[in-house]
Amino acid sequence: MDRELFRIYDSILIDELKPALGCTEPIAIAFASAAARSALGCMPERITVECSGNIVKNVKGVTVPNSNGMKGIEAAAVLGAVGGDESKALEVLSSVTDDDIEMTQRLLSSSMCRTVLAEGVPGLYISVKAEHGGESAEATIIDCHNEICSLKKNGKLLSSRRAGSGGRDEDERKKHLSVESIIEYGRHGDLSDVRDVLLNQWKTNEKIAEAGLDEEYGATIGRTLMKRYDSNDVRIRARAKAAAGSDARMSGCSLPVVINSGSGNQGLTVSLPVIEYGKALSRTDDEIIRALAVSNLIAIHQKRYIGPLSAYCGAVSAAAGAAAGIAFISGMDDKVIADAITNTLASVGGIVCDGAKPSCAAKISSALEAAILGFELAQEKKAFENGEGLVKENIEKTIETFGKVGKDGMKETDIEILHLMIEQ
């Protein structure tokens, strides 16, 4: 047992599993805008939001939480400046008032905010410039939704962090991830330092899933699964809970989600199915928490190769993490766990991301259906083999190969998706 390695895994989970209110892209814009307004010291007369194509794609179709139904980059930026609390990071809009919403609507009608598409920047890039009179302040986010990597006033740097690092070399930490060692961590690690983090993910994500099942949000994917299929079947509940959470958060529910890899949808996908299987198998809280550690880290391991935002749907990598977590909590050995991941990726790897919107819940349901089938095939000692498509000789090479397709192979796809979405 490598205690130093396990401490690295603790730190990854602590840094990754953060609460976020609503879809993380509009919330990150609101966060940057609130930080810029705070640095400026007054309400800006003008706001300019410069962001990457992937941010545009992921903000276009979702409702900004606590906004009374407003959508779009400008709505997120202005509401963040008017009523946001930058100290709350991805829960920046949790204390917005009706007066803030009314003022935001008035300012939006005056066209005081504009959006500029940034080119030649990382996939996750947001820069908000707030101006009043002759003064300005600018907050920039790169690679990580919940960190301001630079904050300036009148061109003078007030604070800075290495992009996406939070004071750590995040990429270096994630190079230590492997399926074998993640499983070992789940079985034998001292999870006392991350228990509360994982328990918070469990309780927080369950709450928004219940909201999605109780009320008609979005396309009601979760509710439809529970209505049309056997709700006593854990396979259906696992899909329905995750989809219902996405139904709610994509359509403006004010409840937070604990994210994975910067995404609330991935946080829901990687956690709720594992919890449902744990309950069905009468596992203890500790056993469920250990399985959640495995599922979360497997998803993060894949995203290391894919990157935070791309044309590769994150529901797939998260569902592969859920397949691993389900296999783990079912008491399977390392090979079955690895085969469950392989089978999931071989079945649905490459689903495109065409932005955050209500249909994300349907993609979550589809990816999880493949994950559950992939796990059950692995139980039957069936797995897709080396040379069958992108499947390689071992699980690490397979994960790396699918990651390269997502990051490098789908670059042109990502550009074309953005062009087509803007055309509308």
Practice problem: Identify all residues within region 277-306 that are open to solvent by less than 10 Å² (accessible area, probe 1.4 Å) and either on the phi > 0 side of the Ramachandran plot or of a type outside the set (A, V, I, L, M, F, W, C) (or both); write none if there are none. | Solution: Gly278, Ser295, Asn296, His301, Gln302
Quiz item: For region 348-359, does any single residue satisfy the condition of being surrounded by fewer than 24 Cβ atoms within 10 Å (Cβ to Cβ), in contact (Cβ under 8 Å) with a residue 24 or more places away in the chain and in a helix (DSSP H, G or I)?
Solution: yes
Quiz item: For region 149-172, does any single residue satisfy the condition of being out of contact with any strand residue (DSSP E or B) (no Cβ under 8 Å at 6 or more places or on another chain), assigned to a loop (DSSP other than H, G, I, E, B), at negative phi and of a type in the set (Ser, Thr, Tyr)?
Solution: yes
Quiz item: Within region 240-270, which residues are of a type in the set (D, E, K, R) and open to solvent by 10 Å² or more (accessible area, probe 1.4 Å)?
Solution: Lys241
Quiz item: Do the conditions hold for Asn232, that is, is it within 14 Å of the chain's Cα centre (by Cα) and of a type outside the set (Ser, Thr, Tyr)?
Solution: no
Quiz item: Among (1) open to solvent by less than 30 Å² (accessible area, probe 1.4 Å); (2) in contact (Cβ under 8 Å) with a residue 24 or more places away in the chain; (3) of a type outside the set (Ser, Thr, Tyr), where does Gly83 come up short?
Solution: (2)
Quiz prompt | Residue among Leu390, Leu418, Leu368 that alone is touching a residue at least 24 places away in the same chain (Cβ under 8 Å) and not in a helix (DSSP H, G or I) | solution = Leu390
Self-check item: Filter result for the condition that a residue is surrounded by 18 or more Cβ atoms within 10 Å (Cβ to Cβ), out of contact with any helix residue (DSSP H, G or I) (no Cβ under 9 Å at 6 or more places or on another chain), closer than 26 Å to Glu16 by Cβ and in contact (Cβ under 8 Å) with a residue 24 or more places away in the chain, over Ser52, Ser127
Solution: Ser52
Practice problem: Pull up region 86-97, narrow it to residues that are buried (at least 23 other Cβ atoms within 10 Å of the Cβ) and under 20 Å from the mean Cα position of the chain (by Cα), then point me to the one that is nearest to Ile126 (Cα to Cα). | Solution: Leu90
Self-check item: Residue list for region 385-424, restricted to those being touching an Asp or Glu at 6+ places or on another chain (Cβ under 9 Å), over 14 Å from Cys353 (Cα atoms) and crowded, with 19+ Cβ neighbours inside 10 Å
Solution: Val391, Ile395
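The values are calculated or read from the model by the stated rules, or taken from the named source; none is laboratory data. Small disclaimer: the values here were computed from a predicted structure and weren't measured. Glycine gets a Cβ as well: all are built from the backbone with ideal geometry, and neighbour counts include every protein chain shown. The area values use the complete protein model at the heavy-atom level, side chains included, leaving out ligands, DNA and RNA. Shrake-Rupley method; radii C 1.70, N 1.55, O 1.52, S 1.80 Å.
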